[in-house]
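Notes to accompany the following structure.
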Amino acid sequence: KGSLLPLAELRTQAQRTLIGLLDRRPGKKVLVLDPKISGPLALVANIGVLKEHGVEKLFHLEPGLKVGGFESVQDVVYLVRPTIANMKLVSEQVIEAEGEAERKDRKKGGGPGGGSRKN
């Protein structure tokens, strides 16, 4: 009350929006954040809220981050600013994770050319 901006309403609306986005991907997920939005995100939702909506792991977007290979996680969700540098990092990580998944499938015999052949 008495504020020019309805901060409580803005926080509630932002939290609802974030939860709605997270809940679109049911199951356990990894959340990758742009480091520059971590602070503002903490004003909207704490780690407990994120965990209630399936976030198992939380990472900052950075070069060399490996987002694939978490057995219990179904999805990776990126929450980043739309900059060229961020999009380059996200695309590199997605390509790396897809390659890792294909290598695992081949080892299990589920992918093209994978598995052993019986003669």
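What's the total number of residues in region 5-39 that are within 11 Å of the chain's Cα centre (by Cα), open to solvent by less than 50 Å² (accessible area, probe 1.4 Å), at pLDDT below 95 and of a type outside the set (A, V, I, L, M)?
Of the residues in region 5-39, 1 are within 11 Å of the chain's Cα centre (by Cα), open to solvent by less than 50 Å² (accessible area, probe 1.4 Å), at pLDDT below 95 and of a type outside the set (A, V, I, L, M).
For region 48-66, how many residues meet the condition of being open to solvent by 90 Å² or more (accessible area, probe 1.4 Å) and assigned to a helix (DSSP H, G or I)?
Qualifying residue count, region 48-66: 2.
For region 1-47, which residues satisfy the criterion of being among the polar types (S, T, N, Q), under 29 Å from E71 (Cα atoms) and in a helix (DSSP H, G or I)? Working first, answer last.
The initial filter retains those residues of region 1-47 that are among the polar types (S, T, N, Q), namely 3, 12-13, 15, 17, 38, 46.
Within this subset, residues satisfying the condition of being under 29 Å from E71 (Cα atoms) are 15, 17, 38, 46.
Hits for region 1-47 are Q15, T17, S38.
So I95 fits all but one of (1) under 15 Å from the mean Cα position of the chain (by Cα); (2) assigned to a helix (DSSP H, G or I); (3) closer than 30 Å to P6 by Cβ; what number is the exception?
(3)
Go through region 67-77 and count every residue that is under 22 Å from L41 (Cβ atoms) and either assigned to a loop (DSSP other than H, G, I, E, B) or open to solvent by 50 Å² or more (accessible area, probe 1.4 Å) (or both).
Start the filter on region 67-77 by keeping residues that are under 22 Å from L41 (Cβ atoms), which leaves 67, 70, 73-77.
Adding the requirement that they be either assigned to a loop (DSSP other than H, G, I, E, B) or open to solvent by 50 Å² or more (accessible area, probe 1.4 Å) (or both) leaves 67, 70, 73-74, 76.
Adding up the residues that qualify gives 5.
Could you grab me the full set of residues in region 34-66 that are closer than 16 Å to V94 by Cβ and either in contact (Cβ under 8 Å) with a residue 40 or more places away in the chain or not charged (D, E, K, R) (or both)?
Scanning region 34-66 gives D34, F59, L61, P63, G64, L65.
The values are calculated or read from the model by the stated rules, or taken from the named source; none is laboratory data. Just so it is clear, the structure is predicted and the values come from calculations on it, not from any experiment. Note that each Cβ is placed from the backbone with ideal geometry, even for glycine, and that neighbours are counted across all protein chains shown. Heads up: the accessible areas ignore ligands, DNA and RNA and are worked out on the full protein's heavy atoms, side chains in. Shrake-Rupley method; radii C 1.70, N 1.55, O 1.52, S 1.80 Å.
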